[in-house]
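Participant: Supplied in structure tokens, the structure appears directly below.
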Amino acid sequence: MARVKTIGTNALSYPEIRNFAGYKYQYFRFKKVIDFYKFPSYFLFKIKGIINKKWLNSFMDGGLNRCDFYHFFNVLNLGNKPFITTYETVIPRWNDTPKAFKKGLEIIARKNCIQIIAISQSASHRQANIIKTYRPDLLDVIMQKNRVLLPPQINFINTIDDKKEIGNTIVFTIVGADFFRKGGQAIMAVFEQLLSENKPIHLNIVSTLNYGDYASKTTKKDLEKVETTIGKFANCITHYKSMSNDGVKKLLLETDVALLPSLAETFGYFILEAQAAGCPVITTDIRAMPEINNNESGWLINIKTGERDDADLSYTNQLIQKIETQLQAIILEILNDPSIIRQKGRTALANIIKNHDPKTHQMILESIYNTIK
């Protein structure tokens with residue numbers, strides 16, 4: 001009988017569980033291990049309110065942890081034990097300086113770095129560009145270790161026929177703590193306008209309504225405006241400050257169209273969850289979103305800047321207006337022909353079943369783990 005190997009990781013939060021640590025493996029088990037960088041990072045933040053990005057995204061245990069190898073999310077191992085890192089944008093995720101990038105890329109090029117796993121083609125392309133910019137001599141070595149592995153997602157229904165029938169009122173849902181970064185201002189402006197015109201729509205919001213993020217640059221005044229709108233249309237806008245995973249699943253099964261018109265987003269896991277419930281999603285076209293959503297399975301709002309895969313956040317008000325204009329046009333299109341919801345929902349669900357199968361995802365991870373002796 002094969003020995004069960006222990007895989008160490010410095011955290012067991014949502015990204016780790018979502019991408020690799022949440023499976024029941026037969027011959028592997030995950031263990032949260034001691035990280036010497038965790039303690040100085042914690043005290044620096046508590047005392048001075050400062051985040052040291054290198055400490056936060058590096059790992060060092062002095063060889064004290066008993067495990068066979070490591071698998072991290074966005075983190076590099078400064079020690080000698082074999083490790084794998086799954087990443088969402090680029091690594092190293094340290095200070096964005098030439099010195100930091102060069103040092104981090106040298107660590108990735110070492111033999112004990114077995115694989116780096118990008119959760120999107122967008123991240124993989126960005127990683128390649130970082131290498132070309134700071135250590136082009138390491139491009140081949142590192143990119144041979146690089147692979148793209150989209151996150152898994154279990155489908156909530158088997159066919160679109162399991163989805164509730166579309167009623168006289170079209171139900172929209174957005175889920176996410178950073179409401180304003182995820183397009184909250186544009187959403188509220190559009191719904192306030194359409195509800196004032198008595199359009200048959202309902203909006204569910206599951207969010208703590210966080211504001212002040214780097215993208216929207218919102219203030220308490222913006223929050224108060226949203227709260228006023230929610231109160232004004234209490235019969236047509238339902239706000240939940242929080243909800244369990246099972247609650248979100250149930251809500252999505254009662255939802256017709258999901259919303260994620262984000263100003264900035266590295267991936268957008270909510271898109272997968274909505275598609276798993278047969279919901280087409282209205283998203284922007286930044287970062288990884290076009291990889292998991294398109295105009296056949298949902299709707300894409302165009303905010304990309306030129307050849308870049310993200311939006312120019314220098315002009316936030318104009319960006320929000322751009323989202324608002326396109327979002328309103330899409331919702332009016334849906335109201336004019338609600339049958340399009342079912343058509344796109346069927347394609348969205350098929351995408352989940354084909355491209356995000358958890359069993360296939362787990363098998364790929366196990367094949368990587370089995371290469372580590």
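Participant: Under 9 Å between Cβ atoms, which residue pairs at least 6 apart in sequence (or on different chains) link something in the stretch 34-50 that is under 20 Å from LYS81 (Cβ atoms) and assigned by TED's automatic domain parsing to the domain that holds ASN77 with a partner that is basic (Lys, Arg) and surrounded by 10 or more Cβ atoms within 10 Å (Cβ to Cβ)?
Facilitator: Short answer, once both residue conditions are applied: TYR37/LYS54.
Participant: For GLU324, state whether it is surrounded by fewer than 22 Cβ atoms within 10 Å (Cβ to Cβ), in a loop (DSSP other than H, G, I, E, B), modelled with pLDDT of 95 or more and acidic (Asp, Glu).
Facilitator: no
Participant: Conditions: (1) more than 24 Å from the chain's Cα centre (by Cα); (2) surrounded by fewer than 16 Cβ atoms within 10 Å (Cβ to Cβ); (3) within 30 Å of ALA258 (Cβ to Cβ). THR133 meets all but one. Number of the miss?
Facilitator: The number of the failed condition is (3).
Participant: So, one more: Kindly evaluate ASP285 against the criterion of being acidic (Asp, Glu) and without any contact (Cβ under 8 Å) to a residue 24 or more places away in the chain.
Facilitator: yes
Participant: Considering only the stretch 156-186, state which residues are small (Gly, Ala, Ser) and not in a loop (DSSP other than H, G, I, E, B).
Facilitator: Residues satisfying the conditions are GLY184, ALA186.
Participant: So, of the residues in the stretch 253-276 that are acidic (Asp, Glu) and over 22 Å from TYR87 (Cβ atoms), which turns out to be surrounded by the most Cβ atoms within 10 Å (Cβ to Cβ)?
Facilitator: Among those that are acidic (Asp, Glu) and over 22 Å from TYR87 (Cβ atoms), it is ASP256.
Participant: Another question, then. If you check ARG147 against the conditions, is it basic (Lys, Arg) and crowded, with 20+ Cβ neighbours inside 10 Å?
Facilitator: no
Participant: Separate question: Which of the numbered conditions does ILE174 fail, given that it passes all the others? Conditions: (1) among the β-branched types (Val, Ile, Thr); (2) in the same structural domain as ASP222 (by TED's automatic domain parsing); (3) crowded, with 19+ Cβ neighbours inside 10 Å; (4) over 21 Å from the mean Cα position of the chain (by Cα).
Facilitator: Answer for ILE174: the failing condition is (4).
Participant: Looking only at the stretch 229-252, count every residue that is under 19 Å from the mean Cα position of the chain (by Cα) and either in contact (Cβ under 8 Å) with a residue 24 or more places away in the chain or crowded, with 22+ Cβ neighbours inside 10 Å (or both) and tell me the total.
Facilitator: Residues meeting the conditions: 5.
Participant: Based on what the data block shows, is LYS164 surrounded by 20 or more Cβ atoms within 10 Å (Cβ to Cβ) and in contact (Cβ under 8 Å) with a residue 60 or more places away in the chain?
Facilitator: no
The values are calculated or read from the model by the stated rules, or taken from the named source; none is laboratory data. Predicted model, so just to flag it, every value in this text is computed and none were measured. Reconstructed Cβ throughout: ideal geometry from the backbone, glycine too, with neighbour counts over all protein chains shown.
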